[in-house]
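Working notes, beginning with the structure itself.
Every number in this text was worked out from the coordinates using simple rules, so none of it is lab data. Not measured: the values here are computed from a predicted model. Here the Cβ is made from the backbone with ideal geometry for all residues, glycine too, and neighbour counts use every protein chain on show.
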Number of protein chains: 2
Amino acid sequence: MKIGVLLHGNGVYDGTEIHEAVLTLLALAEVGAETVCLAPNIDQFHVVNHVTGEEMTETRNVLVESARIARGTIRDLASLTSDELDALVMPGGFGTAKNFTRWAFEGPNGPIFEPVRKLIVDMVRLKKPVVGLCMSPTTIAKALEGSGISAHLTVGTDLEDSPYDIAGIAGGMESLGQKAEMKSVREILVDHENRIITAPCYMMDASILEIRDNIKQAIEQMVALLEPAETAA
Amino acid sequence: MKIGVLLHGNGVYDGTEIHEAVLTLLALAEVGAETVCLAPNIDQFHVVNHVTGEEMTETRNVLVESARIARGTIRDLASLTSDELDALVMPGGFGTAKNFTRWAFEGPNGPIFEPVRKLIVDMVRLKKPVVGLCMSPTTIAKALEGSGISAHLTVGTDLEDSPYDIAGIAGGMESLGQKAEMKSVREILVDHENRIITAPCYMMDASILEIRDNIKQAIEQMVALLEPAETAA
């Protein structure tokens, strides 16, 4: 199994959520997968001071900052296509909605970074599993807009505590032709037809233990989706 | 249990090793500890591009960058003393040897950042456990220099693969009056007298699974050291 891990910076407020990224790498190692960290060589939308929440007047590069999580072993997204991967995992953090889409500012109608759109659509069309954690399902929804594919996706539930407007984000995904469902941080959502797995993670008020379990559950389901195909081949 | 996690930036080459930091937070949550992330409000020694390994011409703040790992919930080291903590965990990464000491450039004879020295010595004198992962034992060794305390510490072993000069670093710790021992990434070293636990982690060529297990082992030993004291109290 060669699994891509798509990163978008290094820090929850302007890049990849770090706990989710590391616990993804851990869960992938636990199932014996070969991991390929990926990120585009583009500037971040902005840089946020994670103590104050305020914007900083500097420029950082998504690939360079993501390399910190990957301990230097990372591939430029431009160097790789869906052919090389068996599955793709997308950890959360607001980088996905700032650097890949502009959802954090413009909602579902903003643009999407074309190489990310293409990778996601290619993976889904090839029936290779895509795992979207936390806020990443919004990027999947945006990528699938107009593709003719309507996937079942979750970013959490409005029945439990969340720092975010789960119903509003779900509505945004619906507006792009996708089917939004409500799931707690103890659950994952599996779209068997499209082989897309989504898990709420830190979209909900959750502990690192719950994040660990939510990601482990998603990765184990990814393996389960991959196994029948391998047996049949 | 209220456990301090002392961070020194966000990335292995100029700050905290991210996997070690996150897996420390996970292991602490697993044993039911309350975690307090700490970092000093000082500039990093420098900033390293984690793709190329080259120095970048910018300035970053240790507290602000560490806050990315802590998801914004972090304390300025200056706001806290050893009284508040039951134990201290020091994840690795070269930040400890660049931002706390200058070991990465000057070896054992360089300076140490005084508030870090004081916190470590206070914890050890109070018999509160200190856990040093990866390169952090060099900072413990430097802090204990001239204190009259001679601790048993490890940064790995020269009998297995490591990207670093383990014997040279061990010699440096010895030159400061400490006792260096060789341990693999599958082992931890426990100095029962001084209640210091050290674990090699990424000082050795190791997988994220080995790092996870090495840290879990260290944290469980930390709990074991705390429990008799609590029972006696």
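Using the Cα centre of segment B:1-156 as the reference point, and only Cβ charges (+1 on K/R, -1 on D/E), how large is the resulting charge dipole? Debye, rounded to the nearest 20.
Taking the Cα centre of segment B:1-156 as origin, the dipole is about 340 debye.
Along segment B:55-63, what does the Karplus equation 6.51 cos²θ - 1.76 cosθ + 1.60 (θ = phi - 60°) give for ³J(HN,Hα), rounded to whole Hz, x for Gly and Pro?
These are the phi-based 3J(HN,Hα) values: 6, 9, 8, 8, 10, 10, 9, 4, 5 Hz.
Quick one: which residues, 5 or more positions from B:Asp43 or on another chain, have an amide H under 5 Å from its amide H? H modelled 1.01 Å from N in the peptide plane, none for Pro or chain starts.
B:Val62
Once amide H atoms are built 1.01 Å from N in the peptide plane, which residues 5 or more positions from B:Val36, or in another chain, come under 5 Å H to H?
Distant-sequence amide H within range of B:Val36: B:Ile3, B:Gly4, B:Val5.
Just to confirm a number: summing +1 for Lys and Arg and -1 for Asp and Glu over residues other than A:Thr24 whose beta-carbon lies under 12 angstrom from that of A:Thr24, what do you get?
-1
What are the ³J(HN,Hα) values, in whole Hz, obtained from phi via the Karplus relation 6.51 cos²θ - 1.76 cosθ + 1.60 with θ = phi - 60°, for each residue of segment A:32-49 in sequence order, with x given for Gly and Pro?
x, 7, 7, 10, 10, 6, 10, 7, x, 8, 9, 6, 5, 4, 7, 10, 10, 5
Which number gives the lysine pairs in chain A that have C-alpha atoms under 24 Å apart and are eight or more places apart or on different chains?
Pairs that pass both the separation and distance tests number 24.
Can you compute the charge dipole magnitude of the protein assembly as shown about its Cα centre, using +1 on each Lys and Arg Cβ and -1 on each Asp and Glu Cβ, nothing else charged? Give it in debye, rounded to the nearest 20.
Dipole about the Cα centre, nearest 20: 160 debye.
Mind giving me the FRET efficiency for B:Val31 and A:His46? R0 is 30 Å, r the Cβ-Cβ distance, nearest 0.05 is fine.
Here the calculated transfer efficiency is 0.20.
Grab the other residues whose beta carbon is less than 13 angstrom from that of A:Glu210, score K and R as +1, D and E as -1, and report the net.
Around A:Glu210, the surrounding residues sum to -3.
Need one number: nm distance between label points at A:Arg75 and A:Asp161, each 7 Å from Cα along Cα→Cβ, rounded to one decimal.
4.1 nm
List, in order, the whole-Hz ³J(HN,Hα) value for each residue of segment B:65-74 obtained from phi through the Karplus relation with A = 6.51, B = -1.76, C = 1.60 and θ = phi - 60°; use x for Gly and Pro.
Couplings: 6, 4, 4, 5, 5, 8, 6, x, 9, 8 Hz.
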